[in-house]
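What follows is a short report on a single structure.
Each value in this text was obtained by applying a stated rule to the coordinates, not by laboratory testing. None of these values were measured; they are calculated from a predicted model. Every residue, glycine as well, gets a Cβ built from its backbone with ideal geometry; the counts of neighbours run over all protein chains shown.
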Amino acid sequence: MTDGTPFSRDFILVCEDGRIVLDWGDGLLQDLESGDFFHGMEGLASRKIENAELELLKRAGRVRCFDKREVYFLNLPERPSKTID
């Protein structure tokens, strides 16, 4: 069993300004550098992450490992959710 929180590579994006973000769906993004969650901005140019960038994240201790489909993150915060009132 692989350690870490699995996340589909299809939803890990590199923004035009160099930020690497996770797309949690419903317009919610998370900046991997700061850990901050934010709502996607219209016209945010991005592309899917490449192996070389994942290797950098691995060396930096943010990623445990990755394959063609998933990336296993270390210490990834949970997606915020609304509580039932």
**OP:** For segment 59-74, enumerate the residues that are of a type in the set (K, R), surrounded by fewer than 17 Cβ atoms within 10 Å (Cβ to Cβ) and assigned to a loop (DSSP other than H, G, I, E, B).
**Re:** K68, R69
**OP:** Find the residue count for segment 7-57, including only residues that are surrounded by fewer than 15 Cβ atoms within 10 Å (Cβ to Cβ) and either in a helix (DSSP H, G or I) or in contact (Cβ under 8 Å) with a residue 60 or more places away in the chain (or both).
**Re:** 6
Original post:
Do we find that D3 is touching a strand residue (DSSP E or B) at 6+ places or on another chain (Cβ under 9 Å) and either crowded, with 17+ Cβ neighbours inside 10 Å or not in a strand (DSSP E or B) (or both) in this structure?
Top reply: yes
Original post:
For segment 32-59, what are the residues that are over 17 Å from D17 (Cβ atoms) and among the acidic types (D, E)?
Top reply: E55
